[in-house]
Amino acid sequence: MDDQTQSRIQGEINATDVVLFMKGTPVFPQCGFSAAVVQVLNHMGVPFKGVNVLDDMAIREGIKEFSNWPTIPQLYVKGEFVGGCDIVREMFETGELSDLLSERGIETEVDA
């Protein structure tokens, strides 16, 4: 990954408290895994930014190297990589996601 791509990824992560690197947009996810994470975040009322990796091949491949995680979507909270779809769903179901968001000062509308 080149320095410019790394800087762009880091910039997205730094600019917003909750960032989801995903296929598609929050309004129109382009894969079931991205849609599932969007659904969890929307259900919890978490404000987040979606970064559509389908718009930029450098970001699509670079984010995998950046996080050392092979799949998309990828969720970041306050600059920290949380995980992909399965991890986010499991954390939601156990209440860990609500706890993490609360610990980081992120307001949610409902608890898991």
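The values are calculated or read from the model by the stated rules, or taken from the named source; none is laboratory data. Keep in mind the model is a prediction, meaning the values are calculated, not measured. A quick note on method: Cβ atoms are made from the backbone with ideal geometry, for glycine too, and the neighbour counts reach across all protein chains shown.
Listing for the model above:
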| quantity | calculated |
| --- | --- |
| Some residue of the range 89-108 being closer than 16 Å to residue 10 by Cα, out of contact with any Leu (no Cβ under 6 Å at 6 or more places or on another chain), modelled with pLDDT of 95 or more and not in a helix (DSSP H, G or I) | no |
| Selection from the range 1-29 of residues that are outside any helix (DSSP H, G or I), surrounded by 14 or more Cβ atoms within 10 Å (Cβ to Cβ) and out of contact with any Ser or Thr (no Cβ under 7 Å at 6 or more places or on another chain) | 1, 16, 17, 18, 19, 20, 21, 25, 26, 29 |
| Filtered residue count, the range 27-47, keeping only those that are within 21 Å of residue 105 (Cβ to Cβ) and either at pLDDT below 95 or of a type in the set (Gly, Ala, Ser) (or both) | 1 |
| Matching residues in the range 67-112 - criterion: being surrounded by 13 or more Cβ atoms within 10 Å (Cβ to Cβ), closer than 14 Å to residue 19 by Cα and without any contact (Cβ under 8 Å) to a residue 40 or more places away in the chain | 67, 81, 82, 83 |
| In the range 27-64, residue nearest to residue 10 (Cα to Cα) [restricted to those that are aromatic (Phe, Trp, Tyr) and under 14 Å from the mean Cα position of the chain (by Cα)] | 48 |
| Selection from the range 37-57 of residues that are touching a helix residue (DSSP H, G or I) at 6+ places or on another chain (Cβ under 9 Å), outside any loop (DSSP other than H, G, I, E, B), crowded, with 18+ Cβ neighbours inside 10 Å and without any contact (Cβ under 8 Å) to a residue 60 or more places away in the chain | 37, 40, 41, 50, 51, 52, 53 |
| Filtered residue count, the range 58-86, keeping only those that are assigned to a strand (DSSP E or B) and in contact with a strand residue (DSSP E or B) (Cβ under 9 Å, 6 or more places away or on another chain) | 7 |
| Matching option when the condition is more than 30 Å from residue 4 (Cα to Cα) and not hydrophobic (A, V, I, L, M, F, W, C), among 52, 42, 68 | 42 |
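Yes or no, residue by residue, for (1) over 12 Å from the mean Cα position of the chain (by Cα); (2) of a type in the set (A, V, I, L, M, F, W, C):
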{"site": "71", "(1), (2)": "no, no"}
{"site": "74", "(1), (2)": "no, no"}
{"site": "79", "(1), (2)": "no, no"}
{"site": "85", "(1), (2)": "no, yes"}
{"site": "93", "(1), (2)": "yes, no"}
{"site": "96", "(1), (2)": "yes, no"}
{"site": "99", "(1), (2)": "yes, no"}
